[in-house]
Each structure stands twice: as C-alpha cells, then as structure tokens.
Amino acid sequence: MASQTVACSSSIVIWGHHTTIVDNTCLITRCSRTSQTVPLVFSGERERLFTNHTSAMPLNSAVETDRMMIVKRFFAWFFSRPSEPLSRLGVVAWWEIRRAPYNLILVILGAISLFILFLFIELAHELKPGEDAVEPMALFVAPLAANICYTGGWMVELVSRVIRPKTTTPIGPVLLKVGVGLTAVVVLLPAVFWLVTWMARRL
C-alpha cells in the first residue's frame, strides 16, 4: 500500500478512508481506486484523523466533538479512584478535591431548574401578585444542605472501612455517583413538576 505526502492549502485529495493532518502537511494513504477532493478544516489541533471519506467534518461539529471529549474526560476523572488503596486522609482528600466541581455541577443544575421553573410558572399563570416563585431562603439552604450531604459521603466511606476492613473495592466512587444522581433529581424535580403542570393545563 503506497503513501504520498502533499502540502495542504484550502483542500486536500484523499484516496481511501484515513487522512492524518500534521500542521499544514497531509499524509495520504491510497486505499481505493477513486480519489476525491475534501475541504480542509483546521480545529487548532496539531493532528486530526479524518475517517469520513465523503466530506470533512464541519467546524461546528469539530467544536462539539471537542466539548464532548472534555465533558467525558471530566466525568472519567471525577468518578475515578486510584488503583492503590488510599489512607483515611487520602479518602478525605479525594472527596474534598471534588467538592468544587460538585458545587459547579450543583450551580449548573440549579440554574437550569430555576429557568424552567420560572418559565412554566409564568406560562401557567399560577403566580399571584406579591408571591415568590421560590422562597429566597431556599436558595441559601439548598446548597448548604447539599454540601452537608456531600461531607457525609466520605464519612460513610470511612465508617464502612472500619466495619469491613478487608473490602478491597472502594465505595467512594459509587457513593459519589449516587449523590450526584440524587442531587440532580432533587434540584430538577420542581422544574419537572411545573413543566408537567403546564402541559396538563393545556390538555
């Protein structure tokens, strides 16, 4: 199978399925009898592998792919635990390092929930003059309660290590996943309730 290196400008010629771009140089592998011209797309990376031989990936699709990869890598780190056993202090540190990202998730979910909540309360015309859609105190109590429960995560893990010292599988990642899931349900539940209420009123 022969290969050919060409300089790239606004377009490149591809034979086959795989083309690797390094800066402004394309390594082209001949895998089929027919050739075609594909517009060149730069996404800021030094190297990108194109697997679609009919057209290049649009720039917005490349950006979305990069964002999805960032999100996947974040959650892979967020729920990961080192293979070696952690000390008690290491368990606490593992949880506390993830407290700030957890609160970021909490803020994002809270903003989405409040937007949906206010939108569908307004559309349902349920809010009377002078009434608050959300109690102001709840906006301060809810994050505090969530962080108290978060602290309970590493407390439960430490207690479980005392009760079952021979257990080799850490329960921290499982507890964190359950905690994040419950947080999402509790935070989004009012928004879902008013969405369902608005839809029911329209029937």
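Descriptive notes on the structure:
- One residue stands out among those in the stretch 64-108 that are small (Gly, Ala, Ser) and closer than 22 Å to Gly181 by Cα: the one that is farthest from the chain's Cα centre (by Cα), which is Ala93.
- Any chance Val187 is surrounded by 12 or more Cβ atoms within 10 Å (Cβ to Cβ), free of Cβ contacts under 8 Å to residues at least 60 places away in the same chain and β-branched (Val, Ile, Thr): no
- Residue match in the stretch 81-103 (condition: part of a helix (DSSP H, G or I) and touching a Ser or Thr at 6+ places or on another chain (Cβ under 7 Å)): no
- Condition check for Val192: under 22 Å from the mean Cα position of the chain (by Cα) and surrounded by 13 or more Cβ atoms within 10 Å (Cβ to Cβ): yes
- Filter result for Leu123 (closer than 30 Å to Arg202 by Cβ and either in a loop (DSSP other than H, G, I, E, B) or in contact (Cβ under 8 Å) with a residue 12 or more places away in the chain (or both)): yes
- The residues on offer are Ala124, Ala142, Ala138, and the sole one that is modelled with pLDDT under 95, assigned by TED's automatic domain parsing to the domain that holds Val178 and under 14 Å from Thr183 (Cβ atoms) is Ala142.
- Failed item, numbered, when Thr169 is tested on (1) in a helix (DSSP H, G or I); (2) out of contact with any helix residue (DSSP H, G or I) (no Cβ under 9 Å at 6 or more places or on another chain): (1)
- Counted residues, the stretch 159-171 - those being surrounded by 12 or more Cβ atoms within 10 Å (Cβ to Cβ) and either among the polar types (S, T, N, Q) or at pLDDT 95 or above (or both): 1
- The lone exception for Asn147 - which of (1) touching a Phe, Trp or Tyr at 6+ places or on another chain (Cβ under 6 Å); (2) surrounded by fewer than 16 Cβ atoms within 10 Å (Cβ to Cβ); (3) over 30 Å from Arg202 (Cα atoms) it fails: (1)
- Note on the stretch 74-97: among residues that are without any contact (Cβ under 8 Å) to a residue 40 or more places away in the chain and hydroxyl-bearing (Ser, Thr, Tyr), the one that is surrounded by the fewest Cβ atoms within 10 Å (Cβ to Cβ) is Ser83.
The values are calculated or read from the model by the stated rules, or taken from the named source; none is laboratory data. Quick caveat: nothing in here was measured; it's all calculated off a predicted structure. Methodologically, a virtual Cβ is constructed for each residue, glycine included, from the backbone with ideal geometry; neighbour enumeration extends over all protein chains shown.
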